[in-house]
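Below: the structure, in structure tokens.
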Amino acid sequence: MQHWPTALPIAALALLAAGSQLAGGLVLSLLCALALVGAVVASVHHAEVVAHRVGEPFGTLVLALAITVIEVALIVSLMLSGGVDTAALPRDTLYATVMIICNGVVGACVLVGGLRHREQVFRVASVSPALAALLVLCTITLVMPVFTTSSPEGTYTPSQLAFTGVVSLALWAVYVFVQTVRHRDYFLPDEDQHNASVHAEPPTAARALASGALLLAALVAVVGLAKLLSPDIEAGVVSAGLPKAVVGIAIAMLVLLPETWAAVRAARANRLQTSMNLALGSALASIGLTVPAVVVAAAWLELPLVLGLAPKEMAMLAMTFVMSGITLASGRTYVMQGAVHLVVFAAFVFLAFVP
């Protein structure tokens with residue numbers, strides 16, 4: 001019996017506890033970084049065990065929801081500790097999350113799947129509504145604050161913030177209802193792609209529950225270690241003279257590591273539908289759950305909140321959705337679509353460092 005899936009989350013939590021109590025240093029930071037990678041590996045393993053037990057599309061929802069809930073906790077905790085200086089952190093993290101998922105994760109999945117299987121398929125009926133909902137949420141949350149006139153540019157009034165939080169949560173809830181109840185069949189992989197997991201013996205209920213607990217522990221370790229390493233990241237960004245938005249990108253990349261790995265593994269196993277469910281579902285959950293939580297935290301603690309993007313970021317976001325609508329319209333993918341998405345991702349990262 002393999003013991004590493006149990007040992008890695010426990011070791012990561014132990015290092016998280018040690019790092020929280022001891023003074024920082026190079027050796028401790030390196031150990032925490034290694035523990036972060038180990039926690040990511042363990043989280044993907046346990047998510048796959050739980051997913052095999054509950055079946056699709058609930059399996060992808062487990063990992064996406066778990067990571068997003070802890071991501072929300074990370075953003076809110078950083079807002080509490082940073083105060084006014086973190087007014088734009090939710091915006092930067094949300095924007096980075098959408099760009100990383102829609103370009104980096106989707107592009108990597110399509111490219112890896114295309115190289116291994118030449119051509120892959122997914123259900124357009126599941127991807128198109130997800131992209132439409134994501135476009136609406138991103139526009140209301142990150143673009144419209146620049147154009148409204150009731151408050152300074154880039155911000156919302158309290159009533160506008162409340163409206164944004166309510167509609168974000170409502171649209172995400174409708175998506176989950178459609179994905180898991182009303183049109184669940186739209187999100188299921190084709191039978192010929194799903195045969196390997198169908199014929200494998202599902203784990204017992206006890207093992208699935210144990211994996212669920214260890215998944216939560218691993219994700220807590222991932223986000224806790226990401227928060228622990230964030231001062232070092234921020235110090236490095238400042239010393240290198242880079243824009244503050246790079247901090248949001250780094251945090252988003254660290255938090256999204258488990259989802260990215262799980263999605264790419266699914267694409268490599270010729271389960272691109274699972275990859276799309278995980279990627280786009282995570283992006284929707286990120287906005288649908290983060291925005292209401294941030295709105296409540298900002299109102300309760302009277303913290304400033306800047307949501308509006310700059311013109312360059314709005315142009316990149318618009319290009320992402322137009323390009324995604326074209327490349328994912330047919331339901332069939334090969335390496336060309338993956339290359340296009342990854343080029344946009346590379347442009348996003350490059351322009352963040354060289355604005």
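Read the figures in this text as sums done on the coordinates, not as results from a lab. Every value quoted in this text rests on a predicted model; they were computed, and no experiment measured them. Every residue, glycine among them, receives a Cβ derived from its backbone with ideal geometry; neighbour counts consider all protein chains shown.
List of remarks:
- Here the relative contact order of region 4-353, from alpha carbon pairs under 8 Å that lie six or more residues apart, stands at 40 percent.
- Membrane-span-like helices in the chain, defined purely by DSSP H runs whose alpha carbon atoms cover 20 Å or more axially and whose average Kyte-Doolittle hydropathy reaches -1.0, are 4-21, 26-54, 58-82, 124-138, 158-177, 205-239, 272-301, 311-327, 335-353.
- Summarising the label geometry, the points placed 7 Å from Cα in the beta-carbon direction at residue 180 and residue 69 lie 1.0 nm from one another.
- Which labelled figure in [x] 66, 48, 39; [y] 65, 54, 35; [z] 57, 48, 35 is Cα extents along the principal axes in Å, once derived from the coordinates: [z]
- Of the GluC sites (Glu not before Pro) in region 115-195, those whose Cβ has at most 16 other Cβ within 10 Å and which sit in DSSP loop: 119, 153
- Report note on the peptides 294-305, 219-230: ranked by the mean count of other C-beta atoms within 10 Å, highest first, their order is 219-230, 294-305.
- Full extension of the chain segment joining residue 343 with residue 232 gains 37.1 nm, where the gain is 0.36 nm per residue of separation less the Cα-Cα distance.
- Estimated [θ] at 222 nm from DSSP helical runs (n ≥ 4, -39500 (n - 2.57)) normalised by residues in the chain, nearest 500: -25500 deg cm²/dmol
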